[in-house]
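The values are calculated or read from the model by the stated rules, or taken from the named source; none is laboratory data. Since we're looking at a predicted model, the values are computed, not measured. Here the Cβ positions follow ideal geometry from the backbone for every residue, glycine too, while neighbour counts run over all protein chains shown. The protein model used for the area step is the full one, side chains on, heavy atoms only, and it has no ligands, DNA or RNA in it. Shrake-Rupley method; radii C 1.70, N 1.55, O 1.52, S 1.80 Å.
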Amino acid sequence: MSHPSFVSPDLIRQRFSKAMSDMYREEVPLYGALMELVEQTNRHVLDSDPQIARQLNSTGEIQRLDLERHGAIRVGTAAELATLARLFAVMGMQPVGYYDLTPAGVPVHSTAFRAVHEAALQVSPFRVFTSLLRLELIEDLELRAFAQSVLDKRSIFTPKALSLIDRAETEGGLTESEAQVFVEQALETFRWHHSATVTAEQYQKLCAQHRLIADVVAFKGPHINHLTPRTLDIDIVQAQMPAHGITPKAVIEGPPRRQCPILLRQTSFKALDEPVAFTDQTENRGSHSARFGEIEQRGAALTPKGRALYDRLLNAARDELKDFPNEGNAARYNALMTQHFSEFPDTVEGMRQQELAYFRYFVTDKGVGAEALKSSSLEDLLSDGYLRVEPLVYEDFLPVSAAGIFQSNLGDAAQTHYGEHSNRQAFENALGRSTIDELGLYAETQRRSIEECFATLR
């Protein structure tokens, strides 16, 4: 039972998300331009498409649309990851899913810290894709030892943040004044640093191994590298970005455009080249590129059966393309995706009948006033108009999509082949706990919505 004087973890998360967005807007001016474009696009969609407006209003998603953000951060050691898990727990965020990005040539594995209950997500859907560098994949043993020594010397959390994490764990929460200080202090972990912790030559050696390794190792802290708003039409944003002085990546990651969006679609502008001072320099004479702007459009959460179909169709399109999607083949790739995904039902009822997606069930006005309905089946209640159904929004990430975003912003030359080196056990050992199965969370939300409907019906 939470103490009455403690601030809800959901509200702390909401405040932190707002503070993070304000900080990132100051640090990366293009992020502000991107936010304005997304807001304009969302207003246009809501004004021009009454069906989408009705759906968002009926599910309550309209209330969280402007709050929606996801960030991404990369840490270097098990201790950093474990402490981040404790920091996020103060905000009601748990590690959901395991993502292995080594098949895409990115030497990290990851999880998504987020709220896990639909009521908590409604207050703040803020999520952070958190990656742990896999130093064991650095083949140069001398460079690996150097990277480890640099990481071992740094402390990415302020003393006050650590003490407030301890207090929240010991006392069961934070008071209003403590929560305010916690947000301010926790933000410091995610702040950009113009000064590196290595020499220019050491930085180049780390880059030569992989640019992401340099991004993690060479700085005082794991700066937030993107902060993503949610749009209702990512194709409009992609088309409009150049007119706003923003150069988008070649293709939108994820499934093709559909009447009933599924999973996640995302695009970004390429990483900024920012001035950096190395330890053997007296001023910002070097540069580093890591931070970029990303936009996402979220669709329905898919069941295991739906995910299997999605993966098969995505792989078929990419196999036929015979290349990594890029500027030169973007049109062909989009055409192949549309062609192959024609096999995936593009109606709510089609996805529901084939059990490809998860849904939330709602009692209609007709159902509220009716009697003796509890003995009816779910299908009868739906067909007779006593219940209605809406797709459950996908709250997580796509491994292939995340890797594609990373890779496009690191440059195609950064591609490295690590082979199949998934090591979930090592990641969870570093984390200090198991990651949560996201599909189980969606199934629970769907089950709860059905139970609530039957509890409402007489």
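P399 satisfies every condition listed in (1) closer than 17 Å to V96 by Cα; (2) modelled with pLDDT under 90; (3) surrounded by 19 or more Cβ atoms within 10 Å (Cβ to Cβ) except (3). Every condition in (1) without any contact (Cβ under 8 Å) to a residue 24 or more places away in the chain; (2) more than 22 Å from Y203 (Cα to Cα); (3) of a type in the set (G, A, S) holds for A145 except the one numbered (2). Output the residue which, of all residues in region 314-331 that are of a type in the set (D, E, K, R) and out of contact with any Pro (no Cβ under 9 Å at 6 or more places or on another chain), is nearest to T267 (Cα to Cα). So, considering only residues that are of a type in the set (D, E, K, R) and out of contact with any Pro (no Cβ under 9 Å at 6 or more places or on another chain), the one nearest to T267 (Cα to Cα) is E327.
In this structure, does E169 turn out to be in contact (Cβ under 8 Å) with a residue 24 or more places away in the chain and farther than 25 Å from E68 by Cβ? Considered against the rule, which asks whether it is in contact (Cβ under 8 Å) with a residue 24 or more places away in the chain and farther than 25 Å from E68 by Cβ, E169 comes out as yes.
Modelled with pLDDT of 90 or more and among the basic types (K, R), is that true of R285? When the stated conditions are applied, R285 does not pass them. None of S48, S8, S17 is closer than 22 Å to F88 by Cβ, of a type in the set (S, T, N, Q) and surrounded by fewer than 20 Cβ atoms within 10 Å (Cβ to Cβ) except S8.
Determine, yes or no, whether A85 is touching a helix residue (DSSP H, G or I) at 6+ places or on another chain (Cβ under 6 Å), closer than 23 Å to R298 by Cβ and not acidic (D, E). For A85, the condition - touching a helix residue (DSSP H, G or I) at 6+ places or on another chain (Cβ under 6 Å), closer than 23 Å to R298 by Cβ and not acidic (D, E) - is not met.
Can you tell me which residue in region 349-377 is nearest to Y310 (Cα to Cα), limited to those that are in a helix (DSSP H, G or I) and open to solvent by less than 40 Å² (accessible area, probe 1.4 Å)? Of everything passing the filter in region 349-377, M351 is nearest to Y310 (Cα to Cα). Is there a residue in region 230-238 that is farther than 27 Å from L56 by Cα and outside any helix (DSSP H, G or I)? Within region 230-238, none of the residues are farther than 27 Å from L56 by Cα and outside any helix (DSSP H, G or I).
When residues of region 432-458 are filtered for being open to solvent by 80 Å² or more (accessible area, probe 1.4 Å), farther than 26 Å from T83 by Cα and not in a helix (DSSP H, G or I), how many remain? Matching residues across region 432-458 total 1. Restricted to region 113-172, the set of helices (runs of 4 or more DSSP H) holding at least 2 residues that are on the phi < 0 side of the Ramachandran plot, at pLDDT 95 or above and surrounded by fewer than 21 Cβ atoms within 10 Å (Cβ to Cβ) comprises 141-153, 159-171.
Which members of region 15-31 meet the condition of being within 18 Å of G245 (Cβ to Cβ), touching a strand residue (DSSP E or B) at 6+ places or on another chain (Cβ under 8 Å) and either in a helix (DSSP H, G or I) or modelled with pLDDT of 85 or more (or both)? Y24, L30, Y31, listed by residue number. Of the residues making up region 197-210, just one is closer than 12 Å to V106 by Cα and either among the hydroxyl-bearing types (S, T, Y) or surrounded by 22 or more Cβ atoms within 10 Å (Cβ to Cβ) (or both), namely H210.
When every residue of region 218-229 is checked against the conditions, at least one turns out to be over 22 Å from the mean Cα position of the chain (by Cα) and of a type in the set (D, E, K, R).
Among the residues of region 347-366, those identified as without any contact (Cβ under 8 Å) to a residue 60 or more places away in the chain and within 18 Å of G60 (Cβ to Cβ) are T364, D365.
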